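Chemist: Questions regarding the structure given below will be posed in turn.
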Amino acid sequence: MIHVYHNNSWTPLAGKKIYHNGSWITLRAADKIYAGGVWHDLEPVPLCLTAQAANSTVSIEWIDDTGESTPLASLYYRTASTPSWTAYTLDTVIPLASVGDWVEFKNTSNVLSSLDNHYHFVLTGQIAASGNIMSMIAYGRLYNRTFLSLFAGNSALVAAPELPATRLDVGCYANMFAGTSITTAPALPATEMANLCYGSMFESCPYLTSVSIHANALKTTCCYYMCKNCSSINSVTVDFSSWNDNDHATDHWLDGVSSSGTFTCPSALPDIRDVNHIPSGWTVVRT
């Protein structure tokens, strides 16, 4: 959600007025704003979880690793039967009785997780995620460990939502989809990484077949264990031209993937064959 700073506070632009061509126009949530060479949604399409099997369920829990924190976000949800946004109470189970039933979520707070504590979806049945994950962070900017382990361990998850952020932060997607049943990795449009940003992001996703990374340089532990034990991965595309072994950027990132596959990369990237670089037995395609 796009906000503007006014009178010493941040306020969402959606619903506000702008003066254009001699008249005041009310901005709608569906409108866009042009900034930094990119069109941005004023309010992102909400994260949506849709049942792919009857009698699926969705709930959200708060994982408190310190025993000293309280949940940080202001979560809201809506369904086809309750179309108005309703405050979500943690651990409330939302039933999706029929195939196609859905629930959408948004967060009106600018925080979601902290360094040691985080929200975690608990899914049963078979669930496909869609929409924009940024509806879960009100001000539309990632910070340290924003989506840490958000869907981790949910074998019921078969599709990931959109991850459109182009600016990452430390550990923002760490362990996010580990142990899920997604078959297609979400697009990762960020051209600059952050430390641990993709660490264990897809670890142990047995049905995932390909991953593409558009960042042009590696940061400390940025792809650490990223696709470890993703046994079906047979296609990886990267845009970076050098490894960063001193900072363990890609330690074990392709350990346990398919024994054959295609690795597409810039011509300058050194051809090093092991689980920390390019898998042995894979074909290299230079761009």
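The values are calculated or read from the model by the stated rules, or taken from the named source; none is laboratory data. Just so we're clear, the structure is a prediction, and the values are computed from it rather than from any experiment. Here the Cβ is made from the backbone with ideal geometry for all residues, glycine too, and neighbour counts use every protein chain on show.
Chemist: Please specify each residue of segment 69-86 satisfying the condition of being outside any strand (DSSP E or B), touching a strand residue (DSSP E or B) at 6+ places or on another chain (Cβ under 7 Å) and either without any contact (Cβ under 8 Å) to a residue 12 or more places away in the chain or of a type in the set (D, E, K, R) (or both).
Modeler: The one that is outside any strand (DSSP E or B), touching a strand residue (DSSP E or B) at 6+ places or on another chain (Cβ under 7 Å) and either without any contact (Cβ under 8 Å) to a residue 12 or more places away in the chain or of a type in the set (D, E, K, R) (or both): S84.
Chemist: Could you give every pair whose Cβ atoms fall below 9 Å, whose first residue belongs to segment 50-62 and is at positive phi, and whose second residue is outside any strand (DSSP E or B), counting only separations of at least 6 or pairs across chains?
Modeler: That search, which allows pairs on different chains as well, returns N55/A97; N55/S98; N55/G125.
Chemist: Taking only segment 181-201 into account, find how many residues are closer than 13 Å to F147 by Cβ and surrounded by 22 or more Cβ atoms within 10 Å (Cβ to Cβ).
Modeler: Summing the residues that are closer than 13 Å to F147 by Cβ and surrounded by 22 or more Cβ atoms within 10 Å (Cβ to Cβ) in segment 181-201 gives 6.
Chemist: Ok, one more. Could you grab me the full set of residues in segment 136-177 that are within 18 Å of L49 (Cβ to Cβ) and either over 11 Å from the mean Cα position of the chain (by Cα) or free of Cβ contacts under 8 Å to residues at least 12 places away in the same chain (or both)?
Modeler: I137, A152, G153, N154, S155, A156, L157, V158, A159
Chemist: Of all residues in segment 96-146, which are touching a His at 6+ places or on another chain (Cβ under 8 Å) and either under 18 Å from S59 (Cβ atoms) or modelled with pLDDT of 95 or more (or both)?
Modeler: Of everything in segment 96-146, just one residue is touching a His at 6+ places or on another chain (Cβ under 8 Å) and either under 18 Å from S59 (Cβ atoms) or modelled with pLDDT of 95 or more (or both), namely L112.
Chemist: Okay, next question. Could you list, in sequence order, all residues of segment 108-127 that are without any contact (Cβ under 8 Å) to a residue 60 or more places away in the chain, of a type outside the set (D, E, K, R) and assigned to a loop (DSSP other than H, G, I, E, B)?
Modeler: If the condition is that a residue be without any contact (Cβ under 8 Å) to a residue 60 or more places away in the chain, of a type outside the set (D, E, K, R) and assigned to a loop (DSSP other than H, G, I, E, B), then T108, S109, V111, L112, S113, S114, L115 are the ones that fit.
Chemist: Another question about this same structure. What pairs come out if I take residues in segment 185-201 that are within 23 Å of S130 (Cβ to Cβ) and free of Cβ contacts under 8 Å to residues at least 12 places away in the same chain and pair them with residues that are of a type in the set (K, R) and assigned to a loop (DSSP other than H, G, I, E, B) whose C-beta lies under 7 Å away, six or more apart or interchain?
Modeler: Between residues of segment 185-201 that are within 23 Å of S130 (Cβ to Cβ) and free of Cβ contacts under 8 Å to residues at least 12 places away in the same chain and residues that are of a type in the set (K, R) and assigned to a loop (DSSP other than H, G, I, E, B), there is no close pair.
Chemist: Would you point out which residue out of A165, A160 is buried (at least 23 other Cβ atoms within 10 Å of the Cβ), touching a helix residue (DSSP H, G or I) at 6+ places or on another chain (Cβ under 9 Å), under 27 Å from A249 (Cβ atoms) and not β-branched (V, I, T)?
Modeler: A160
Rundown of residues vs (1) under 22 Å from the mean Cα position of the chain (by Cα); (2) touching a residue at least 60 places away in the same chain (Cβ under 8 Å); (3) assigned to a loop (DSSP other than H, G, I, E, B), yes/no style:
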{"residue": "V211", "(1), (2), (3)": "yes, no, no"}
{"residue": "L218", "(1), (2), (3)": "yes, no, yes"}
{"residue": "T221", "(1), (2), (3)": "yes, no, yes"}
{"residue": "N229", "(1), (2), (3)": "yes, no, yes"}
{"residue": "I233", "(1), (2), (3)": "yes, no, yes"}
{"residue": "T237", "(1), (2), (3)": "yes, no, no"}
{"residue": "S241", "(1), (2), (3)": "no, no, yes"}
{"residue": "T250", "(1), (2), (3)": "yes, no, yes"}
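Chemist: With the condition kept exactly as written, say whether any residue in segment 202-209 is of a type outside the set (S, T, Y), over 21 Å from R145 (Cβ atoms) and over 15 Å from the mean Cα position of the chain (by Cα).
Modeler: Within segment 202-209 (the criterion being of a type outside the set (S, T, Y), over 21 Å from R145 (Cβ atoms) and over 15 Å from the mean Cα position of the chain (by Cα)), the answer is yes, since at least one residue qualifies.
Chemist: Moving on. Only one of these is over 25 Å from C172 (Cβ atoms) and in a loop (DSSP other than H, G, I, E, B): G256, G281. Name it.
Modeler: G281
Chemist: Could you please let me know if G67 is surrounded by fewer than 16 Cβ atoms within 10 Å (Cβ to Cβ) and modelled with pLDDT under 95?
Modeler: So G67 passes the test.
Chemist: If you go through segment 107-133, how many residues are within 24 Å of D65 (Cα to Cα) and buried (at least 21 other Cβ atoms within 10 Å of the Cβ)?
Modeler: Of the residues in segment 107-133, 8 are within 24 Å of D65 (Cα to Cα) and buried (at least 21 other Cβ atoms within 10 Å of the Cβ).
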